[in-house]
Amino acid sequence: MASTIYDTNLDKNPANYQPLTPLTFLERAASVHPNRTALIHGSLKRNYQDLYARSRRLASALAQRDIGRGDTVSVMLPNTPAMLECHYGVPMAGVVLNTLNTRLDAKIIAFCLEHSEAKVLITDREFSATIKAALELSSAKPLVID
């Protein structure tokens, strides 16, 4: 492939290159458009400023529990605002997010908790029977937040 003028003397630097990640997207959206609607769930509407603040509080809560780099937070939630906050807040803490499929049975969830070495499990009470059975089958004993 032939070199063009756009390939010469344009090494990546802060003036011409900024990677866009989900975390930088949310931070920028909260900064530039704080009052724009970020999510709608039924009658609930949340703007970017609020979504960013709630995600940061989740990250802070995990950090206060000494959950950090190299740790895993498993999440068993339906497609709700709480799940979106986990998608931002968990990585903000430098933690791996392990989302569990809500259609899985207890035996598979137990395996996923063990295999991921989950330190925390965030779940909706809607799945309490399945989660209870999974925890009984699993040797993993994460902090459960429901």
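The values are calculated or read from the model by the stated rules, or taken from the named source; none is laboratory data. For clarity, every value in this text was computed on a predicted model and none was experimentally measured. Because the Cβ atoms are built from the backbone with ideal geometry, glycine has one as well, and the counts that use them run over all protein chains shown.
General remarks:
For (1) modelled with pLDDT of 95 or more; (2) in a strand (DSSP E or B), each residue gets a yes or a no:
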position	(1), (2)
Met1	no, no
Pro19	no, no
Ser31	yes, no
Ala38	yes, yes
Arg46	yes, yes
Asp66	yes, no
Ser74	yes, yes
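- Top-ranked residue in the range 99-128 [being under 13 Å from Pro142 (Cα atoms) and among the polar types (S, T, N, Q); ranked as surrounded by the fewest Cβ atoms within 10 Å (Cβ to Cβ)]: Ser116
- Condition met for Tyr88 (surrounded by 14 or more Cβ atoms within 10 Å (Cβ to Cβ), touching an Asp or Glu at 6+ places or on another chain (Cβ under 7 Å), under 23 Å from Val120 (Cβ atoms) and at pLDDT 95 or above): no
- Within the option set Gln64, Gln49, being within 30 Å of Lys119 (Cα to Cα) and either free of Cβ contacts under 8 Å to residues at least 12 places away in the same chain or of a type in the set (Asp, Glu) (or both) holds for one residue only, Gln64.
- Residue match in the range 110-125 (condition: outside any strand (DSSP E or B), out of contact with any Asp or Glu (no Cβ under 6 Å at 6 or more places or on another chain) and either basic (Lys, Arg) or in contact (Cβ under 8 Å) with a residue 60 or more places away in the chain (or both)): no
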